[in-house]
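Data block below; observations after.
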4 protein chains.
Amino acid sequence: MGNTFGSIFKLTSFGESHGLSIGGVIDGCPANIKLDFDLIQQELTRRKPGQSAIVTQRKEADVVEFQSGIFEGKTTGTPIGFIIKNKDQKSKDYSHNIDVFRPSHADYTYQEKYGVRDYRGGGRSSARETAVRVVAGAIAKQILSQKGILVQAYVSQVGEISVGKSYQDLDLSLTDDNIVRCPDQVVALVMESLIKSIKKNGDTIGGMITCVVKNTPVGVGEPVFDRLNAELAKAMFSINAVKGFELGSGFDCIEMKGSEHNDEFYVKGEQVKTKTNNSGGIQGGISNGEDIYFNVAFKPVATIIQKQNTINSKCETVELLGKGRHDPCVVPRAVPIVEAMGALVILDYLMIQKSKVL
Amino acid sequence: MGNTFGSIFKLTSFGESHGLSIGGVIDGCPANIKLDFDLIQQELTRRKPGQSAIVTQRKEADVVEFQSGIFEGKTTGTPIGFIIKNKDQKSKDYSHNIDVFRPSHADYTYQEKYGVRDYRGGGRSSARETAVRVVAGAIAKQILSQKGILVQAYVSQVGEISVGKSYQDLDLSLTDDNIVRCPDQVVALVMESLIKSIKKNGDTIGGMITCVVKNTPVGVGEPVFDRLNAELAKAMFSINAVKGFELGSGFDCIEMKGSEHNDEFYVKGEQVKTKTNNSGGIQGGISNGEDIYFNVAFKPVATIIQKQNTINSKCETVELLGKGRHDPCVVPRAVPIVEAMGALVILDYLMIQKSKVL
Amino acid sequence: MGNTFGSIFKLTSFGESHGLSIGGVIDGCPANIKLDFDLIQQELTRRKPGQSAIVTQRKEADVVEFQSGIFEGKTTGTPIGFIIKNKDQKSKDYSHNIDVFRPSHADYTYQEKYGVRDYRGGGRSSARETAVRVVAGAIAKQILSQKGILVQAYVSQVGEISVGKSYQDLDLSLTDDNIVRCPDQVVALVMESLIKSIKKNGDTIGGMITCVVKNTPVGVGEPVFDRLNAELAKAMFSINAVKGFELGSGFDCIEMKGSEHNDEFYVKGEQVKTKTNNSGGIQGGISNGEDIYFNVAFKPVATIIQKQNTINSKCETVELLGKGRHDPCVVPRAVPIVEAMGALVILDYLMIQKSKVL
Amino acid sequence: MGNTFGSIFKLTSFGESHGLSIGGVIDGCPANIKLDFDLIQQELTRRKPGQSAIVTQRKEADVVEFQSGIFEGKTTGTPIGFIIKNKDQKSKDYSHNIDVFRPSHADYTYQEKYGVRDYRGGGRSSARETAVRVVAGAIAKQILSQKGILVQAYVSQVGEISVGKSYQDLDLSLTDDNIVRCPDQVVALVMESLIKSIKKNGDTIGGMITCVVKNTPVGVGEPVFDRLNAELAKAMFSINAVKGFELGSGFDCIEMKGSEHNDEFYVKGEQVKTKTNNSGGIQGGISNGEDIYFNVAFKPVATIIQKQNTINSKCETVELLGKGRHDPCVVPRAVPIVEAMGALVILDYLMIQKSKVL
């Protein structure tokens, strides 16, 4: 339990922040897919620490080494095993934490659940693990893109600075043009300067990522429990630091009337469309062919470079001064992670749907 | 895929709105549990149509008939099969819909996914199916309550009317004292009158349910993919009409700093506690012993008694005038459903955790 | 755990021998399949008690009542819930057994595992449960037969009386022409008379069923753990009283040399074939297009009408004289069960294979 | 699908015979288990090629490198990732096979299933993959042995040479005293000489392994589909070259009467025992506390150093002369594999049983 995601296209993940390597196994990948390894590496680089002034300065090459499941550049249908070596573990940075439960980290819960923990760099609870997801997601995205399906995420809010527009009014191809990964270049600059000032104070700040999936065919999703929206919600909440998920109209739906919220069907050419898309592309747990879009809220990173009171394993009150190399705001690096998890869900569910057609 | 929920304590659900019966199978229920059948029926009654002036007037006895897995009043550890007969199906009410895709319903997506659908009363996509969950949830709640764990939900918002207080400032034992299921009796009256006025206009309105789980032991949750919060998110998004889920600080975390958001550990007696609970009782995907609390956003019911444009299966534009018996606001009846799904998650994960201790 | 079989085409089973009903839920059945309900009932009748002089005389109509998932005679893709009411439970026959652990039955292990048991008629451990599998199997067989795939089982041995021929030298369409279900009518008569003489002595006898699956397409099976042969082995061993399973050459392979055992490939028309079929139609866990055939060994029924020593729940030695209505030999009624389980495996794996082709 | 085994204690496997490495991920291992790494390596050495004159002469160090899930010598409860590097791949040996389907190998079925295959050394279908299982099994065995549970396998037959005794009349501690792994030293010599003479002829021979599990507590097993015997059958049939599985009385039960076959219960001290053990330690799919024992039939290895006719991918008839380094008889090296798969099943099911006790 716990470290495998998906039913047909399955990712199993392993690895701690400061172990020899992190890695994973992708089981169920369709055979005969020619992989673009540069694209996979590129996704890893988007998530990589040390990529800009507003992220953690840990240096990791984050090079993926495939062990199996690929032959002469193509998938073989057998499990794809891969590892990413850990290189720049400064475990000494964490020696002061051996015995301390950092506030709003997972030190205490891991210790209590397992009775033991690898405290170095957060061990298994470190977001370093998400690099594994990015590898699998990059493969899923390649397969989806051959079907015309695009999964695109971007930073839509940092602290109080919101992009203030619908995804439809943004050019998502510009997302990676700035280090914040907000497609509005003006807003991005404001976000960047907010993050820098937060960092200067040794503090951190929350943020929001919006994700859009285009061209999912109608009919993907498995009611009643495995609705497409339910699996997306789970996928996003499986990412470190996520506190909220909303699809389509989201929390705004609470104050809306049915007569406002309902999405009117009409026919455009030979396609069934809806005039509005409060449903967020999913009705009854099944994709309806419209864009699937959702928001994901990320809390401020728990590691701050300020004094905090906490306790240690002997239940003594201690004072903690954060060290280590951490992100002042998690969302710029979380963009490829959200895309990866989104792609894993869509591909897996597409494959499940295929199984029904004999 | 799709109709089973849980890993150890598993519910499999079946049934359409206007078929002979709906029902389910609970597999993995611990043996030797003495069941209180009145309590189970009472939960069904909380979800039942026709219970008050602000819900659908369909009349259903909603009596559960257990078929197996219970002997002399106790669970035997074998699967608990049960059915709830459908009685007051007015399928004629839906004959005008045979061929029409109602806006923001699942008619279109079911038709496209399966190529066929039982259109009567929404078929499988009807919220009637959730009665099955309430039965399983009522059993889970009984088992949890023997461990001191309580799962309590209530209506915290209807349209713009919000309860405006934290769950800690409310007496949740009063939730069922009014037909809205809001523990603040004054606010409940305002909500009730809003729902009635919405209903008079043939319209519907959205709402929010807050749920609190007390006394979950530390250590429940399966990182990295099956975090307790991730499974709760999925469970809630598997309920009809849900558009948003947030845990603890939720979407508010976006604008917070780490120094504000972090939950400071301290020791109270022999217990580790946190001074604040922005984490919502879960850190790193694992329960930390604090209250688990979350909000669930429900959209306005899609069936409105107003004229709407839509299309039919021949892709012709048609005018639809809603008929049938529907809820003007779904949240009063959804309270026991949220509790049921919450209880299923907590119990299942508690059992998974037990499996690790040899 | 335990009461669901399959990954995509899934059967969940419930029910005790003397409860209100037994039943099941089929999830993942392809939509738009027109069902032949007479054929389903016919399969149940093949398994039914009281069908001949050589089986138990319990009288059960064994009529299946579908609750959901079928609309206007066709599957809808939603879960198919069904029940079979228990009618002729003579629970009093078992009152003498309340406290006694019958030898080679599951009384003792159920009691110890669960701490409680429904002792009436063996409760959940009764082979009555297999009627549920026959219903699901009958649906699977209909879907498979539309693809040209046939699953045919027959009795190949009773005690020392063996049919003594390969399935290829038998006309399997004659299997149901006698009450033993052995396609060789002469051997069948000898088997019948053996069973009758065994019955007269209040004893029981073991037997063997051979099953052949024709026309499975090449490529079905999921190495390395979920090989098609591995899943068939599990399916057969999930049936009451099974003690052995062998595929193709089976246990005879032990004494064979590679040069004898290897199946030489050749081309016939446009089809790849093998000259021999020691592989039993499966190589590397994947079907190769040849007939899949296997043997299943069934032990003699544990209930005998003879005095036996055993113990009761107080660990006292007691003398037991078998009562109740039981089969002197299980294989005639087990033929449709073997076919059902075989069909469930083949269909499920066929659907898994479909999921890989995007 | 396919490359993960187990429900709670789960092994996911990856790797091809001639890729960079093979490896796996163990998810769900209990935390805080001190591992004996020498014992793990020792098990790998028992399976290793090149270990004696009667096995393949491929040279592999087969050193396992753990990547995660272990901290300061103890399991942490997080996934245990590991790799075993491939070193002595003589892929050129296989270049003559690029296009040829070797008889009774998986070349043809892999090619047809996936449309592509890594033909070097059999790729994924090579028994090399089983080293991964041996690692996981060695960990499972250590955990089981702390509970007093022993899983012991041995060679009971090679060709026509059978050990001719029950496991109870053998000293299983002597199994590894000879290169055949038969605990009867005299019979072992005969087996060894048979294997050598078979090898001299460029041929191969089948064999049988018997496995005994001692001290499994009563109550392990998940009826009705996931019976302990059903899972053991699947586990064994997931091993390369297996053609038959029988538990307890096995195929002999066919000719037995109930009065002979039934295992009489009696009380010995405070323990419930049975006088005979035809049930093989499992009744109704649940362990009864007696020894669990079973036989596994292995076919002769398909690679022979003799001329064979076969076809290539263009459907041309070709003559094949086996090359490469292969085993004349698979059973000596399969002993640790059978033990590994047996241990994985018992531990996983023990953990499932624990989950039920709240």
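Within segment C:235-260, being part of a strand (DSSP E or B), of a type outside the set (Lys, Arg) and farther than 16 Å from C:Gly281 by Cβ holds for C:Val242, C:Gly244.
Is it the case that D:Asp171 is in contact (Cβ under 8 Å) with a residue 12 or more places away in the chain, of a type in the set (Asp, Glu) and within 17 Å of D:Thr45 (Cβ to Cβ)? Here the answer is no, as D:Asp171 does not meet what is asked. Pairs please, first residue from segment C:104-116 and touching a residue at least 12 places away in the same chain (Cβ under 8 Å), second anywhere and of a type in the set (A, V, I, L, M, F, W, C), Cβ atoms under 6 Å, 6+ apart in sequence or on different chains. Taking only residues 6 or more apart or on different chains, the pairs are C:Ser104/C:Ala302; C:His105/C:Ala302; C:Asp107/C:Phe101.
Against the list (1) of a type in the set (D, E, K, R); (2) open to solvent by 10 Å² or more (accessible area, probe 1.4 Å); (3) closer than 30 Å to A:Cys29 by Cα; (4) touching a helix residue (DSSP H, G or I) at 6+ places or on another chain (Cβ under 9 Å), the condition C:Glu222 fails is (2). The residue that is surrounded by the most Cβ atoms within 10 Å (Cβ to Cβ), among those in segment D:239-274 that are more than 7 Å from chain C (Cβ to nearest Cβ) and more than 17 Å from D:Glu339 (Cα to Cα), is D:Thr274.
Restricting D:Phe294, D:Phe298 to those that are touching a Leu at 6+ places or on another chain (Cβ under 6 Å), touching a residue at least 40 places away in the same chain (Cβ under 8 Å) and aromatic (Phe, Trp, Tyr) reduces the list to D:Phe294. Identify all residues within segment C:3-22 that are of a type outside the set (A, V, I, L, M), within 16 Å of the chain's Cα centre (by Cα), closer than 14 Å to B:Gly81 by Cα and buried (at least 24 other Cβ atoms within 10 Å of the Cβ); write none if there are none. C:Asn3, C:Thr12, C:Ser13, listed by residue number.
Among the residues of segment B:289-310, those identified as at the interface with chain A (Cβ under 9 Å from one of its Cβ atoms) and buried (at least 22 other Cβ atoms within 10 Å of the Cβ) are B:Asn295, B:Ala297, B:Phe298, B:Lys299, B:Pro300, B:Val301, B:Ala302, B:Thr303, B:Ile304, B:Thr310.
Of all residues in segment D:5-34, those that are closer than 14 Å to D:Ile346 by Cβ and within 7 Å of chain A (Cβ to nearest Cβ) have Cβ atoms under 8 Å from Cβ atoms of residues that are polar (S, T, N, Q) and not in a loop (DSSP other than H, G, I, E, B), 6 or more apart or on another chain, in D:Ile8/B:Ser355; D:Ile8/D:Ser355. Close Cβ contacts (under 9 Å, 6 or more residues apart or on different chains) running from residues in segment C:67-92 that are farther than 25 Å from A:Gly219 by Cβ and of a type in the set (Ser, Thr, Tyr) to residues that are modelled with pLDDT under 95 and not in a loop (DSSP other than H, G, I, E, B) comprise C:Ser91/C:Arg120; C:Ser91/C:Gly121. Look at segment A:207-219: where a residue is farther than 14 Å from A:Val272 by Cα and more than 14 Å from every other protein chain (Cβ to nearest Cβ) and a partner is modelled with pLDDT of 95 or more and part of a loop (DSSP other than H, G, I, E, B), sitting 6+ places away or on another chain with Cβ atoms under 8 Å, you get A:Val212/A:Asp291; A:Val213/A:Ile149; A:Val213/A:Gly281; A:Val213/A:Asp291; A:Lys214/A:Ile149; A:Lys214/A:Asp291. Considering the conditions (1) part of a helix (DSSP H, G or I); (2) facing chain B (nearest Cβ under 7 Å), A:Leu232 is excluded by exactly one of them, (2). Quickly run through segment D:71-83 and pick out the residues that are part of a strand (DSSP E or B) and open to solvent by 40 Å² or more (accessible area, probe 1.4 Å). If the condition is that a residue be part of a strand (DSSP E or B) and open to solvent by 40 Å² or more (accessible area, probe 1.4 Å), then D:Lys74 is the only one that fits.
When you look at D:Gln57, is it at pLDDT 90 or above, over 30 Å from B:Phe225 (Cα atoms), open to solvent by 50 Å² or more (accessible area, probe 1.4 Å) and of a type outside the set (Ser, Thr, Tyr), yes or no? No. The C-beta contact set for segment C:340-358 (first residue polar (S, T, N, Q), second residue open to solvent by 10 Å² or more (accessible area, probe 1.4 Å) and at pLDDT below 95, distance under 9 angstrom, 6+ apart or interchain) comprises C:Ser355/A:Lys356; C:Ser355/D:Met1. For segment D:279-286, the criterion of being facing chain C (nearest Cβ under 7 Å) and in a loop (DSSP other than H, G, I, E, B) is met by at least one residue. Out of segment A:338-357, which residues are open to solvent by 10 Å² or more (accessible area, probe 1.4 Å) and either small (Gly, Ala, Ser) or over 14 Å from A:Ile149 (Cβ atoms) (or both)? The answer is A:Lys356, A:Val357. Listed by first and then second residue, the pairs linking a residue in segment A:138-154 that is within 13 Å of chain C (Cβ to nearest Cβ) to a residue that is open to solvent by less than 30 Å² (accessible area, probe 1.4 Å) and at pLDDT below 95, with Cβ atoms under 6 Å apart and 6 or more places separating them unless they lie on different chains, form an empty list.
The values are calculated or read from the model by the stated rules, or taken from the named source; none is laboratory data. Computed from a predicted structure; not experimentally measured. When we count neighbours, we look across all protein chains shown, and the Cβ atoms used for this are built from the backbone with ideal geometry, even at glycine. Remember, those area values only see protein heavy atoms, side chains included, never the ligands or the DNA or RNA. Shrake-Rupley method; radii C 1.70, N 1.55, O 1.52, S 1.80 Å.
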